[in-house]
Amino acid sequence: MYQMPTGSPSLRTIAMPSDANPDGDIFGGWIMSQMDIASGVFAARKAKCRVVTVAVDAMTFLKPVYIGDDVSCFCSVVRYGKTSLVVHVETWVQRHHSELIEKVTEGNFTFVAIDAEGQSTPIVRTDEEN
């Protein structure tokens, strides 16, 4: 059994019928897009500037997501580079009309910080982020 991360999720949403195949399973692409949104907002907060997704690695789907599931994405920094950061995203669900909570997927999303002209820019971190 997995232990749900502590703290607040970076994104929380409900899986809807329009996000599912005819059997009621939520599309993996929809889940990945939610993870990209969550990690992008998280990365921009950490970088204190605009960021763009440049890679998705180590994506693992553990269990399906179903219509009505409460989907939560939890983010943490794996590492910082000069102009980039890698964010680990764990996606958890609380099953519809249930108390059951399960980890359904995880992956690493790499972002590059960019300036107003779209060029990479150094990430300035505070002491507590080192």
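Which residues, counting only those in the stretch 19-33, are out of contact with any helix residue (DSSP H, G or I) (no Cβ under 9 Å at 6 or more places or on another chain) and either touching a residue at least 24 places away in the same chain (Cβ under 8 Å) or under 16 Å from PHE111 (Cβ atoms) (or both)?
ASP25, GLY28, MET32, SER33, listed by residue number.
Taking VAL41 as the residue in question, decide whether it is surrounded by fewer than 19 Cβ atoms within 10 Å (Cβ to Cβ), within 12 Å of the chain's Cα centre (by Cα) and within 30 Å of ILE114 (Cβ to Cβ).
Taking the combined requirement at face value, the residue satisfies it.
Could you tell me which residue of the stretch 79-111 is farthest from GLY28 (Cα to Cα), considering only residues that are among the aromatic types (Phe, Trp, Tyr) and within 11 Å of the chain's Cα centre (by Cα)?
PHE109
Looking at the stretch 1-38, which of its residues are in a helix (DSSP H, G or I), polar (S, T, N, Q) and surrounded by 15 or more Cβ atoms within 10 Å (Cβ to Cβ)?
GLN34, the sole residue that qualifies.
Restricting attention to the stretch 71-130, which residues are charged (D, E, K, R), in contact (Cβ under 8 Å) with a residue 60 or more places away in the chain and closer than 17 Å to ALA55 by Cα?
GLU90
What's the total number of residues in the stretch 85-130 that are of a type in the set (Lys, Arg) and within 20 Å of ALA44 (Cβ to Cβ)?
So the answer is 1.
Only the coordinates and a few stated rules stand behind these numbers; no lab work does. Since the structure is predicted, the reported quantities are computational estimates derived from the model, not experimental observations. For neighbour counting, all protein chains shown are included, and Cβ atoms are generated from backbone atoms with ideal geometry for every residue, glycine included.
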